[in-house]
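Undergrad: Below you will find the structure I want to go over with you.
The values are calculated or read from the model by the stated rules, or taken from the named source; none is laboratory data. Predicted model, so just to flag it, every value in this text is computed and none were measured. Every residue, glycine among them, receives a Cβ derived from its backbone with ideal geometry; neighbour counts consider all protein chains shown.
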Amino acid sequence: MEFEFATASRLVFGAGKSSQLGSLAAGYGRKAVLVGSEAGRWREALEGQCRSAGVETLWVSVRGEPTVAWARAQIDRVREWGPDCVIALGGGSVLDAGKALGILARHSGDPLDYLEVVGRGVPFSEASVPVIAAPTTAGTGSEVTRNAVLLSEEHGVKASLRSASMLPRVAVVDPELTYSMSPEATASTGMDALTQLLEPFVCARHNPLVDGLCREGLGRVGRSLRQAVAAPTPQVREEMCLASLFGGMALANAGLGAVHGVAAVIGGMFRAPHGAVCAALLPSVTACNIRALTLDGKEEALARYQEAGKLLGSGQGTLDLVAWLGELALDLGIPGLEAYGVTPGGLEEIVRKSMQSSSMKANPVALTHPELEQALREAL
């Protein structure tokens with residue numbers, strides 16, 4: 001057995017820990033780029049923290065999910081600023097934006113020079129500017145991953161900038177930052193967290209360390225996600241933040257699968273929210289994988305799905321797990337793919353593009369085009 005494991009250099013977890021962001025930035029120097037949402041909800045407080053710590057700041061906002069065009073528009077002023085660190089405070093899109101700016105700040109050229117799949121995929125030669133990542137949602141785990149997803153609008157595809165040095169130097173996970181999430185955002189990001197625990201657990205590249213994280217995370221999602229949506233308490237918010245953190249660590253060190261392979265394509269073609277797309281796909285793609293594994297007689301992978309179901313509280317068998325996932329999506333009000341513009345006539349193109357996704361390589365079984373297309377049809 002051989003495997004590697006890497007994560008953020010430092011993890012800071014707990015209610016109120018985001019009050020340390022300014023002082024953490026001061027440990028890297030006197031100039032910080034602050035990355036947040038266009039609404040700038042935490043901007044004033046974060047700038048105040050930095051001022052108190054003697055850190056000058058440059059604010060950069062991102063609207064929705066970061067694109068190649070957005071990165072082009074921002075990177076010159078970031079390079080000119082010459083930051084000692086980047087603080088990214090927001091959802092997964094904001095964290096990806098911060099990591100993208102951190103690595104591009106140390107390199108010349110266009111973002112497409114370095115982007116996977118649709119770009120040139122040139123390896124980064126320099127280490128990223130240190131990034132401090134603080135999530136305000138419980139789902140993406142981007143605070144402990146080594147990539148940043150950008151939408152290339154000209155290609156209609158989401159792809160990654162990737163480097164080991166893109167792992168944040170500090171991940172600050174403060175459950176209090178998630179208290180104001182809407183039920184809809186809690187549901188979609190929570191289903192994303194679930195997906196990022198289930199896929200690494202059953203994927204072709206799982207390892208014992210990732211297995212432990214997934215087992216811990218799946219149990220927390222099973223007992224906490226519904227309540228986090230319906231009647232959240234500080235305890236269940238903390239549970240979901242831990243689950244999201246464990247999922248991010250798991251996917252960064254094992255891989256994902258067909259759900260994310262398809263979600264990246266749909267998100268690029270339709271500008272659909274990543275977490276919501278994963279949520280819509282999870283029941284039917286899980287069923288598809290189980291059918292294919294059964295036909296191939298892959299008992300070990302099927303046993304992992306059974307164990308995942310027990311951890312979630314769905315029952316003993318794989319069919320129980322599929323039914324539980326479907327009921328969960330229904331209970332949480334997860335819309336089908338048609339809500340984002342996906343139609344039966346467009347499924348063939350989505351499947352064709354999905355087969356080229358890096359996430360598909362770790363799926364526990366090689367799916368055929370018809371199998372995957374049927375799974376998407378069931379998710380409409």
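Undergrad: Looking at this structure, is residue 228 out of contact with any helix residue (DSSP H, G or I) (no Cβ under 6 Å at 6 or more places or on another chain) and assigned to a helix (DSSP H, G or I)?
TA: So residue 228 fails the test.
Undergrad: Right, another one. Counting only residues that are in contact (Cβ under 8 Å) with a residue 24 or more places away in the chain and over 20 Å from residue 22 (Cβ atoms), how many does the stretch 33-83 have?
TA: Going through the stretch 33-83 one residue at a time, the tally reaches 15.
Undergrad: Now, a different point. Step by step: first the residues of the stretch 100-123, then only those that are of a type in the set (Gly, Ala, Ser) and within 20 Å of the chain's Cα centre (by Cα), then the one that is surrounded by the most Cβ atoms within 10 Å (Cβ to Cβ). Which residue is that?
TA: Step one: filter the stretch 100-123 for residues of a type in the set (Gly, Ala, Ser), giving 100, 102, 105, 108-109, 119, 121.
Narrowing further to those that are within 20 Å of the chain's Cα centre (by Cα): 100, 102.
Values: 100: 33, 102: 30.
Only one residue tops the list, namely 100.
Undergrad: Identify, from the list 157, 117, 144, 129, the residue that is among the hydrophobic types (A, V, I, L, M, F, W, C), in contact with a Cys (Cβ under 7 Å, 6 or more places away or on another chain), touching a residue at least 40 places away in the same chain (Cβ under 8 Å) and in the same structural domain as residue 67 (by TED's automatic domain parsing).
TA: After applying the criteria, what remains is 129.
Undergrad: Let me ask another. What pairs come out if I take residues in the stretch 311-334 that are in a loop (DSSP other than H, G, I, E, B) and pair them with residues that are of a type in the set (Asp, Glu) whose C-beta lies under 6 Å away, six or more apart or interchain?
TA: Partner pairs satisfying both residue conditions: 314/320.
Undergrad: Can you find even one residue in the stretch 225-237 that is crowded, with 24+ Cβ neighbours inside 10 Å and either under 21 Å from residue 262 (Cβ atoms) or among the small types (Gly, Ala, Ser) (or both)?
TA: yes
Undergrad: Against the condition in a helix (DSSP H, G or I) and out of contact with any strand residue (DSSP E or B) (no Cβ under 8 Å at 6 or more places or on another chain), how does residue 345 come out, does it pass?
TA: Details: in a helix (DSSP H, G or I): yes; out of contact with any strand residue (DSSP E or B) (no Cβ under 8 Å at 6 or more places or on another chain): yes.
When the stated conditions are applied, residue 345 passes them.
Undergrad: Regarding residue 294, is this residue modelled with pLDDT of 95 or more, surrounded by fewer than 24 Cβ atoms within 10 Å (Cβ to Cβ) and part of a helix (DSSP H, G or I)?
TA: Judged against the criteria, residue 294 is a match.
Undergrad: Here is a follow-up. Is it the case that the stretch 17-39 has a residue that's closer than 19 Å to residue 169 by Cα, surrounded by fewer than 14 Cβ atoms within 10 Å (Cβ to Cβ) and either modelled with pLDDT of 95 or more or not assigned by TED's automatic domain parsing to the domain that holds residue 105 (or both)?
TA: Yes, the stretch 17-39 contains at least one residue that is closer than 19 Å to residue 169 by Cα, surrounded by fewer than 14 Cβ atoms within 10 Å (Cβ to Cβ) and either modelled with pLDDT of 95 or more or not assigned by TED's automatic domain parsing to the domain that holds residue 105 (or both).
Undergrad: On to the next question. Of (1) at pLDDT 95 or above; (2) buried (at least 20 other Cβ atoms within 10 Å of the Cβ), residue 307 satisfies all except one. Which?
TA: Among (1) at pLDDT 95 or above; (2) buried (at least 20 other Cβ atoms within 10 Å of the Cβ), residue 307 violates only (2).
Undergrad: Which residue is farthest from residue 90 (Cα to Cα), if the candidates are limited to the stretch 46-60 and must be surrounded by 14 or more Cβ atoms within 10 Å (Cβ to Cβ) and touching a Leu at 6+ places or on another chain (Cβ under 9 Å)?
TA: 53
Undergrad: Something else now. Given the criteria touching a Lys or Arg at 6+ places or on another chain (Cβ under 8 Å) and closer than 22 Å to residue 100 by Cβ, does residue 47 qualify?
TA: Judged against the criteria, residue 47 is not a match.
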